[in-house]
Structures are given as C-alpha cells and as structure tokens.
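Here is the structure we will look at, set down as structure tokens.
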Amino acid sequence: MTADTLVRNDGLPFDPALVEAVRVNTPATLRRAASLPARRSVKKDWQAAWLARAVSMIDLTTLSGDDTPGRVRRLCAKALHPVRADLLDAIGLPDLTVGAVCVYHEMVPTAVAALDGRLPVAAVSTGFPAGLSPFRLRLAEVEESVAAGASEIDIVISRRHVLTGNWQALYDETRAMREACGAAHMKAILATGELGSLRNVMKASMVCMAAGSDFIKTSTGKEAVNATLPVSLVMMRAIRSYEALSGFKVGYKPAGGVSKAKDAISYLALLKEELGDRWLRPDLFRFGASSLLGDIERQLEHHVSGRYSVAHRHAMG
C-alpha cells in the first residue's frame, strides 16, 4: 500500500464523550470565514490552474422531478468532456473530467451505461431530500442503488436526532446505512441549514464520521441555506479532529449555493489551509454542483481569449 492509497473509514464505537467535547467559537468562525475571499485571491495562470482542479472535483448533478434519460445522458457526456477541447489545449490540460455524476436512483442505470466505468455514479438515497420515509425503505433504497451500479451513495441524516440531541440514534441509523452501502462509498448529508447552530454541525459531523461515513456533505441543495464558508470551516475542523482521533481521512463535499468560479476558489483555499494538499483530490473533496461548471468554463475562456462569452455557450449538455 502506498502513502497515497486512501483507506476507507471503518468508524469508531459510539462514545458520548465525542459529542460532549465539542466546542465551537461562533464569532471567531464567522470572522475567519468572512476574511477568506479577500485574503486568498489568485489571478492569471494560477487562477486557471485552480479552476481546472475545481472541475476535476465536481459531482455534476441533476436532481429534478423532470429528469429524463436523455438529460442524464447529456449530463454524462458533459462530465466526460466538461471543458471545450480548445480551451484545455490552450492551458496545457489535454484531459480533464469531473469527479462523478450524481442522480436519483431511477437514473442510475442510465448514468452507469452512459459513463461505462469511466467515472463513478453517485445516487442520492434514504428518502432524499427530507429523509423521513420509513427506515427499512431507506435502507432498501441504498441497497437497490448499489445493485443498480452506483459506487457512491449520498444518504441524508434524520435532522430530528440532531435537534433533539439523540446522538445514539443518529449513530445507529448512519451505521446501518453504511453497512447497506457495502463496497460503495457513503457521503452523509447533514442538511446544515436546518441544524440550528454551528455546534450542532460539528457534533453531527463527528457522529457521522464515527459511524463510518466516507464523506460528510453540507446539504441536499434543497434547503433554504446550503453550503457556506463558516459551515465548511467547522466541518473541515471536525474532519481534522477525527483524523487525529482515528487515523482515517474523511472527505468533504459542499453542496448547494456554490455556483461561481470565485466561490470555488475560496472553498479550495480554505480546504488547503485547514486540511492540506492531500484533500485537493477527487477522492477527498467534491463540489455538489451543476451551474458551477458553466461559470468555470466561462472564466477559462476569458483567461484564454481575454473576452467573456455568454453563458449559453457553456451549456450542461
């Protein structure tokens, strides 16, 4: 095994002390997050390099009620060729793909067939986005998506367990979902905009990681408030604490609300500062996004040509 081989998170036995020890300095967290965009700005070739790295870590997503097989196939084609070939040639990157394609369970077979093993398929599961369907059905949905070919499962936690402080129940449910995933990697969606406080975000992060989550993810993208820099700072600090405690590296996925190239760079700068270069790879970081890719491609065209193009020239499919 090489130093770069990522070992899956086996989790830890539930320990109430893991939750009781959590402390979050909210004013300091907000100040640090607010100062980041101005302090960490990159330009020209450096900006193009950071944006290309961001593309490689996107979970290109469609989660709409009117999704069709044709839309998913077009999205998969975009995932395999996310940036125009002439732009990639100009910046010296002949080959670039996104990190994965994320869809509802019904669209997993279509995505698997379209990608033909070239990229992972992630399925949202467990009664996404509310997570309020019967527990046995949530587990069955995970198993069905894995059987259909999904190699990553994005589960949603029961927010009520966080809001009522029932950490044992949150651990037990998340652990059962992890077991249902089998060999598929599991991302636990915390729906941070509905958890009430940054301290609850930190606690939920620690419990889900202890239960075996391979990634922790901010949001479903359907909440009123989705990914933010303060929440990301707290979750990254939780990941760092968990690695020190367990030895396992857990991935991070901000989802919803990250739609501009400049925002992506802020998230990557925070990631580099808090967790280091090893997290700047698709196996440990993903953006849950769709419109972000179009804005990044537009910025790359400006870098190459000096002109901004209209957004419809960079459609998803």
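The values are calculated or read from the model by the stated rules, or taken from the named source; none is laboratory data. For clarity, every value in this text was computed on a predicted model and none was experimentally measured. Don't worry about glycine lacking a Cβ; one is built from the backbone with ideal geometry, like all the others, and counts go over all protein chains shown. Heavy atoms of the whole protein, side chains included, go into the accessibility calculation; ligands, DNA and RNA do not. Shrake-Rupley method; radii C 1.70, N 1.55, O 1.52, S 1.80 Å.
A few points about this structure:
- Considering helices alone, the calculated mean residue ellipticity of the chain at 222 nm is -15000 deg cm²/dmol, with DSSP H runs of length four and up weighted by -39500 (n - 2.57) and normalised per residue.
- Added length on full extension, which subtracts the Cα-Cα distance from 0.36 nm per residue, Arg240 to Ser133: 35.3 nm
- The mean of 1/r over all distinct Cα pairs in the range 270-311, once inverted, gives the Kirkwood hydrodynamic radius of 12.2 Å.
- Kyte-Doolittle at least -1.0, axis length at least 24 Å by Cα - qualifying DSSP helices, the chain: 229-246
- In order along the range 184-196, the phi-based Karplus estimate (6.51 cos²θ - 1.76 cosθ + 1.60, θ = phi - 60°) of 3J(HN,Hα) comes to 6, 6, 10, 10, 8, 8, 8, 6, 4, x, 10, 9, x Hz; Gly and Pro are listed as x.
- Protein heavy-atom accessible surface, 1.4 Å probe, per residue over the range 1-129: 52 Å².
- This model, with +1 at the C-beta of Lys and Arg and -1 at the C-beta of Asp and Glu, gives the range 49-148 a dipole about its Cα centre of some 100 debye.
- Derived scalar couplings ³J(HN,Hα) [the range 211-220; Karplus, 6.51 cos²θ - 1.76 cosθ + 1.60; whole Hz; x for Gly, Pro]: 7, x, 5, 7, 9, 10, 10, 5, 8, 7
- As computed over the range 1-96, the Cα convex hull volume per residue (Å³): 270 Å³
- Exceeding the 26 Å Cα-Cα cut-off - candidates Lys203/Lys253; Lys203/Lys260; Lys44/Lys272; Lys44/Lys222; Lys78/Lys217: Lys203/Lys260; Lys44/Lys222
- For the range 140-241, the alpha carbon convex hull comes to 95 Å³ per residue, rounded to a whole number.
- Both radii are taken from the alpha-carbon atoms of the range 60-156; with Rh as the Kirkwood radius, Rg/Rh is 1.06.
- Percent of Cα-Cα distances greater than 12 Å, calculated over the range 189-229: 55 percent
- The range 83-179 - percent of accessible surface contributed by carbon and sulfur, probe 1.4 Å: 54 percent
- Here the Kirkwood formula puts the hydrodynamic radius of the chain at 19.7 Å, using every distinct Cα pair.
- One decimal place: the segment Asp86-Val304 gains 77.5 nm when fully extended, by the rule 0.36 nm per residue minus the C-alpha distance.
- Placing one equal scatterer on every Cα of the range 219-261 and applying the Debye formula, the log10 ratio I(q)/I(0) at q = 0.24, 0.34 Å⁻¹ is -0.82, -1.14.
- Equivalent ellipsoid, the range 203-317 (semi-axes from 5 times Cα gyration tensor eigenvalues, Å): 30, 15, 11
- Built from the Cα atoms of the range 59-117, the convex hull projects on average onto 4.2 nm², one quarter of its surface area.
- Per-residue 3J(HN,Hα) values for the range 6-22, derived from phi via the Karplus relation 6.51 cos²θ - 1.76 cosθ + 1.60 with θ = phi - 60°, read 8, 8, 5, 6, 7, x, 9, x, 5, 9, x, 4, 4, 8, 5, 7, 5 Hz in sequence order (x marks Gly and Pro).
- Between Arg199 and Asp15, the simple label model (points 7 Å from Cα in the Cβ direction) yields a spacing of 2.1 nm.
- As a size descriptor, the averaged projected area of the C-alpha convex hull of the range 103-184 was calculated at 5.1 nm².
- Most tightly packed first, judged by the mean number of other beta-carbon atoms within 10 Å of their residues, the peptides 287-294, 139-146 read 287-294, 139-146.
- Put a plus charge on the Cβ of each Lys and Arg, a minus charge on the Cβ of each Asp and Glu, and nothing anywhere else: the dipole of the chain about its Cα centre is then about 1060 debye.
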